[in-house]
Amino acid sequence: MPPNNPFDLLICSTCGTQFSTPTREKLPSCKICDDPRQYVPPTGQAWTTLTELRNSKDPSYKNIFTPDPIHGDRLIAIHTEPRVAIGQRAYLWEEEPEGKSTFNVLWDCITYIDDETVSEIKRLGGIDAIVISHPHYFTTHLDWADIFKCPVYLSAEDEEWAVRRGEAQVLFGESSLSFSPEGVYGGDDGRADIVAIKTGGHFPGSTVLWWRSLKTLLIADTIAIVPSARYWVDRPPGTASFTFMWSYPNMIPLPADDVHGIWKAIKHTEFDIARGAFIGMDTDTDSKKRLLDSAQIFVKAMGYLDHDIHQEECF
């Protein structure tokens, strides 16, 4: 049986995924890290818990809240220092419909949560829904959902990777999911300002989150922003801004058809700004065209000179 305190449940030290047992002897390895997309470090499998992380003094962990340089407090990145597990950032989005109450969406999840984090998020209006891009960021999402009394949306295609189950989880099978103060519903009829779009690729259910009115796409590592994207002044042809991988730590690329599938899933959107999973993975201008250019560069580099993606245009 799980402990009375879920903070005592085991967490993989490498990927940050929380499991349903507190007993190390019952859990010889991490399902997430045993998958060829991830890895077990040379030191072998190691475990921690939220209780251990919260009580740690050396190092002492803290979540950092960073307003977006363009959107300010309406889009706040949250990451942990020093780094815990993969080290990704989550994003708290505040939708402000005219004349209506705010609706806050947490995009992706991080492992560490403490009382200061809870207080700050409540000050910002709480969380109405959590949506997670893919299994590497499932982390401690059920603890977050329990604390903020909100549902957490996961792609049905990735259900097998949800190693801890709970009533707050909503497995969605639709190709897109709309978030608005009126409710969360499958599909995109143009009414909602925040839309999760399933692209596949990195995982079968990998997802991005689109902020329609502010032309912003949160991409996690469904699509990754590369170093050459960060200085975008007079760049020569063939310079990539994005990449597309099946495994990032093991550098295994996505097949060309999967890259094309990602583009086809988002080609109807309009976005100038993109925000990735890690600090510094940001693009602020012309991001949609740069994404298509990067996809075509990527596929061409694999030797597919006549692939259908080269017929795509950005409108």
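The values are calculated or read from the model by the stated rules, or taken from the named source; none is laboratory data. Just so it is clear, the model here is predicted, and its values are computed rather than measured. Reconstructed Cβ throughout: ideal geometry from the backbone, glycine too, with neighbour counts over all protein chains shown.
Is it true that PRO28 is more than 25 Å from ALA196 (Cα to Cα), outside the structural domain of LEU217 (by TED's automatic domain parsing), part of a loop (DSSP other than H, G, I, E, B) and under 21 Å from the mean Cα position of the chain (by Cα)?
no
On the basis of being exposed (fewer than 13 other Cβ atoms within 10 Å of the Cβ), in the same structural domain as PHE278 (by TED's automatic domain parsing) and modelled with pLDDT of 95 or more, does PRO69 make the cut?
The answer is yes for PRO69.
Quick check on ASP258: is it of a type in the set (Asp, Glu), outside the structural domain of PRO41 (by TED's automatic domain parsing) and assigned to a loop (DSSP other than H, G, I, E, B)?
Spelling it out, it is not the case that ASP258 is of a type in the set (Asp, Glu), outside the structural domain of PRO41 (by TED's automatic domain parsing) and assigned to a loop (DSSP other than H, G, I, E, B).
Taking strands (runs of 3 or more DSSP E) that do not extend beyond the range 153-238, which have at least 1 residues that are under 14 Å from the mean Cα position of the chain (by Cα), assigned by TED's automatic domain parsing to the domain that holds ASP128 and farther than 30 Å from ALA301 by Cβ?
Because the criterion is at least 1 residues that are under 14 Å from the mean Cα position of the chain (by Cα), assigned by TED's automatic domain parsing to the domain that holds ASP128 and farther than 30 Å from ALA301 by Cβ, the strands (runs of 3 or more DSSP E) in the range 153-238 that meet it are 194-198.
Count, please, the residues in the range 6-34 that happen to be in contact (Cβ under 8 Å) with a residue 24 or more places away in the chain and within 24 Å of ALA90 (Cα to Cα).
Qualifying residue count, the range 6-34: 17.
Do any strands (runs of 3 or more DSSP E) lying entirely in the range 46-123 carry at least 1 residues that are among the β-branched types (Val, Ile, Thr), and which ones are they?
62-68, 72-81, 103-107
Listed here are the residues, each with its yes/no results for (1) at pLDDT 95 or above; (2) surrounded by fewer than 20 Cβ atoms within 10 Å (Cβ to Cβ); (3) within 24 Å of ASP73 (Cα to Cα); (4) out of contact with any Cys (no Cβ under 6 Å at 6 or more places or on another chain).
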{"position": "LEU171", "(1), (2), (3), (4)": "yes, yes, no, yes"}
{"position": "GLY183", "(1), (2), (3), (4)": "no, yes, yes, yes"}
{"position": "ARG191", "(1), (2), (3), (4)": "no, yes, yes, yes"}
{"position": "SER213", "(1), (2), (3), (4)": "no, yes, yes, yes"}
{"position": "ILE219", "(1), (2), (3), (4)": "yes, no, yes, yes"}
{"position": "VAL233", "(1), (2), (3), (4)": "no, yes, no, yes"}
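In the range 136-147, what residues are assigned to a helix (DSSP H, G or I) and in contact with a strand residue (DSSP E or B) (Cβ under 8 Å, 6 or more places away or on another chain)?
Selection gives TYR137, HIS141, LEU142, ASP143, TRP144, ALA145.
Does the range 277-299 contain any residue that is part of a loop (DSSP other than H, G, I, E, B), among the basic types (Lys, Arg) and surrounded by 13 or more Cβ atoms within 10 Å (Cβ to Cβ)?
Among the residues of the range 277-299, not one is part of a loop (DSSP other than H, G, I, E, B), among the basic types (Lys, Arg) and surrounded by 13 or more Cβ atoms within 10 Å (Cβ to Cβ), which makes the answer no.
Any idea how many residues of the range 47-100 are among the acidic types (Asp, Glu) and under 20 Å from the mean Cα position of the chain (by Cα)?
Residues flagged as among the acidic types (Asp, Glu) and under 20 Å from the mean Cα position of the chain (by Cα) within the range 47-100 amount to 5.
If you go through the range 32-43 one residue at a time, how many are buried (at least 17 other Cβ atoms within 10 Å of the Cβ) and either of a type outside the set (S, T, N, Q) or part of a strand (DSSP E or B) (or both)?
Going through the range 32-43 one residue at a time, the tally reaches 3.
Any residue that is surrounded by 19 or more Cβ atoms within 10 Å (Cβ to Cβ) and farther than 21 Å from HIS136 by Cβ - is there at least one of those in the range 44-53?
Checking the range 44-53: not a single residue is surrounded by 19 or more Cβ atoms within 10 Å (Cβ to Cβ) and farther than 21 Å from HIS136 by Cβ.
Determine the pairs where a residue that is within 24 Å of TYR137 (Cα to Cα) and among the aromatic types (Phe, Trp, Tyr), located within the range 276-305, has a partner that is modelled with pLDDT under 95 and in a loop (DSSP other than H, G, I, E, B) with Cβ atoms under 9 Å apart, the partner being 6 or more residues away or on another chain.
Note: pairs meeting the criteria are PHE278/ASP221.
Only one residue in TRP47, TRP93 is assigned by TED's automatic domain parsing to the domain that holds TRP246 and not β-branched (Val, Ile, Thr). Which one?
TRP93
Would it be correct to say that SER206 is within 29 Å of THR243 (Cβ to Cβ), among the small types (Gly, Ala, Ser), touching a residue at least 40 places away in the same chain (Cβ under 8 Å) and in contact with a strand residue (DSSP E or B) (Cβ under 8 Å, 6 or more places away or on another chain)?
In short, yes.
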